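Working notes for the structure below.
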Amino acid sequence: MVTGRALQKTLLRFYNVSLSGGFAARYADSGRERHSHVCYIDGVRCRADEAHLGGIVVQVAAEEPL
């Protein structure tokens, strides 16, 4: 389950903007645009982004410095 916050269950969808690339995120229930690459999968902080040759890749996010 990909969500917007660690304890929230709002599902997200990620898209390429066009055939030439670009990244977009939307809330699955409302279709409203989301302006962040950060997401949570089973409570783990991740980052979604455009893949090198198209598509979307989601990776565990690097820890933020204190």
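Restricting the range 13-32 to residues that are farther than 14 Å from Val58 by Cβ and hydroxyl-bearing (Ser, Thr, Tyr), which is surrounded by the most Cβ atoms within 10 Å (Cβ to Cβ)?
Within the range 13-32, the match that is surrounded by the most Cβ atoms within 10 Å (Cβ to Cβ) is Tyr27.
Under 8 Å by Cβ, and 6 or more places apart or on different chains, what pairs join a residue from the range 54-66 that is closer than 18 Å to Ala24 by Cβ with one that is modelled with pLDDT under 75 and among the hydrophobic types (A, V, I, L, M, F, W, C)?
That search, which allows pairs on different chains as well, returns Val58/Val2.
Please count how many residues of the range 1-60 are outside any strand (DSSP E or B) and either of a type outside the set (A, V, I, L, M) or modelled with pLDDT of 95 or more (or both).
Here is the first cut: in the range 1-60, the ones outside any strand (DSSP E or B) are 1, 4-10, 19-20, 28-32, 35-37, 42-43, 51-55.
Now restrict to residues that are either of a type outside the set (A, V, I, L, M) or modelled with pLDDT of 95 or more (or both): 4-5, 8-10, 20, 29-32, 35-37, 42-43, 52, 54-55.
The total comes to 18.
Restricting attention to the range 33-58, report how many residues are exposed (fewer than 10 other Cβ atoms within 10 Å of the Cβ) and either of a type in the set (Ser, Thr, Tyr) or within 19 Å of Thr10 (Cα to Cα) (or both). Break it down stepwise before answering.
Here is the first cut: in the range 33-58, the residues exposed (fewer than 10 other Cβ atoms within 10 Å of the Cβ) are 33, 35, 42, 52-53.
From the residues that got through so far, the ones that are either of a type in the set (Ser, Thr, Tyr) or within 19 Å of Thr10 (Cα to Cα) (or both) too are 33, 35, 42.
Qualifying residue count for the region: 3.
Considering only residues of the range 37-57 that are of a type in the set (A, V, I, L, M, F, W, C) and more than 19 Å from Ser20 (Cα to Cα), which is farthest from the chain's Cα centre (by Cα)?
Going residue by residue through the range 37-57, those that are of a type in the set (A, V, I, L, M, F, W, C) are 38-39, 41, 44, 46, 48, 51, 53, 56-57.
Now narrow it down to the ones that are more than 19 Å from Ser20 (Cα to Cα): 38-39, 41, 44, 46.
Details: Val38: 6, Cys39: 5, Ile41: 10, Val44: 12, Cys46: 8 Å.
It comes out as Val44.
The values are calculated or read from the model by the stated rules, or taken from the named source; none is laboratory data. Everything numeric in this text was worked out from a predicted model, so none of it was measured. FYI the Cβ positions are ideal-geometry reconstructions off the backbone, even for glycines, and counts take in every protein chain you see.
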